[in-house]
Amino acid sequence: MTEADILKALSNVQEPDLGKDLVTLNMVKDIVIDDNEVSFTIVLTTPACPLKEIIGKASENAIHTFVNKNAKVNINFTAHTTTNRKDALQLLTGVKNIIAVVSGKGGVGKSTVAANLALALAEGGAHVGLMDADIYGPSVPIMFGVRGQRPMMREMNGKGIIIPLEKYHIKLMSIGLLVDEKNAVVWRGPMASSAIKQFVTEVDWGELDYLVIDMPPGTGDIHLTLMQTVPVTGVVIVTTPQPVALADAKKGIAMFGQAQINVPIIGLVENMAYFTPAELPNNKYYLFGKEGGKKLAEEYELPFLGQIPIVQSIREGGDTGVPAMAGDDVISQEAFRTITNIAVRNIAMRNANMINTQPVAVPS
Ligand code: ADP
């Protein structure tokens, strides 16, 4: 066995999402051959890569088929999260991907999805930040149990800069950590917009694979400010299945799809999709209507990330500072992992195939 044999064999293995082989994609590193044994590293597009096992199995098969059927194959996995940032902005320079979580309406679970998406990404080994941009209803302090804690400041290039709090390996920032929550509610447009700008320019986010932004509900000034200020990789839209929520979700889809804005939609999440009582685990009750979110995604030809059931512990965890992904309810965790896996695949595909992200130029 030679290194050339191994590379030739691995050039038959496709990265299923990107549609190219591992060698062309430069994903194979550090090949070491010792008699009948070969070791090498596969560099994935994200630490949370859901295709890890498939790619590993296919690589082993390729070596057995094309090189030596008795070879012992050891594969290490590392990840280099992809980005498509090529902007020259001096903003969030260490942040590879920016995911804005939005909803047409309040109360549909946008903050819950943003928090658990962040946790599921971090569970896979990614460096993750969560920016609570829901100025009028900040929920990160309660959801992460950090209410009353104040972030520290430090000086950088003669300027004061805020160090985000950290909990469950997530860097956190929220207006609720800086001012009394009751005061933030009465802020008006320009103040809210400037607070958001401050979150981007004066917070030390450091090196992140993903910065998740919990946006305010609806489609307003803050959305425009943010889209104009930072190069958002894409948005995740959260809705519940009932028609009133779907009608508002459509407004969100329309806003982000507008020609001047045109921020890609990573996918749609249907929250509170059904209820399953603990004593009847095989029953699903569609309290808010069946598959409204899924059908909306089909109608608008958007990627569907998945359904999240109504689970009492999701609500309880959110209120007690232990989001579902940090708790012990396996069913809700599976649902959040599924949506996260599809989201990271969509982001990796976008990074591989699409033009680079730029902040949106909207006349203000
Ligand atoms: P939004 O950010 O859209 O206003 P939140 O994430 O704050 O919504 O959720 C509103 C309320 O619904 C919270 O109390 C939250 O814990 C609860 N909730 C959200 N999703 C679920 C779910 N799947 N199951 C049970 N409760 C949920």
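Each reported figure results from applying straightforward, stated rules to the coordinates on display, with no laboratory input. Just so it is clear, the structure is predicted and the values come from calculations on it, not from any experiment. Cβ atoms come from the backbone with ideal geometry, glycine included; neighbour counts cover every protein chain shown.
Worth pointing out:
- With Cα atoms defining each centre, the stretch 40-99 and the stretch 133-151 are spaced 35 Å apart in the structure.
- At the listed q of 0.14, 0.15 Å⁻¹, the Debye profile of the chain, built from one uniform point per Cα, gives log10 I(q)/I(0) equal to -1.15, -1.27.
- Just checking the listed ones, I99, I308, I75: in the Gaussian network model of the chain with Cα springs under 10 Å, the one fluctuating most is I75.
- In this structure, N12 and N36 have a Cβ-Cβ separation that, at R0 = 22 Å, corresponds to a calculated FRET efficiency of about 0.60.
- Across K52/K294; K29/K294; K167/K290; K105/K197; K52/K110, pairs whose alpha-carbon gap is larger than 32 Å: K29/K294; K167/K290
- Fewest-first sequence of K96, K250 by Cβ atoms within 10 Å of each Cβ: K250, K96
- DSSP beta bridge pairing in the chain, given as percent antiparallel to the nearest 5: 30 percent
- Applying 0.36 nm per residue to the separation of R147 and Q312 and subtracting their alpha-carbon distance, the gain on full extension is 57.2 nm.
- FRET efficiency for E301 and D87, using Cβ-Cβ distance with R0 set to 30 Å, rounded to 0.05: 0.60
- Here the stretch 95-353 is assigned +1 on the Cβ of each Lys and Arg and -1 on the Cβ of each Asp and Glu. Its dipole about the Cα centre then comes out at about 400 debye.
- When each of F144, F304, F288, F77 is scored by the number of other beta-carbon atoms lying within 10 Å, the sequence from fewest to most is F77, F304, F288, F144.
- Residue (of G19, A249, L165) at the positive-pole extreme of the chain, dipole from beta-carbon charges: A249
- Once the Cα atoms are used to define both axes, helix 189-201 deviates from the longest principal axis of the chain by about 30 degrees.
- Note on the chain: with a GNM built from Cα contacts shorter than 10 Å, the maximum mean-square fluctuation among A254, A297, A71 falls on A71.
- Computed from point charges on the beta carbon alone (+1 for Lys and Arg, -1 for Asp and Glu), the dipole magnitude for the stretch 107-228 about its Cα centre is near 280 Debye.
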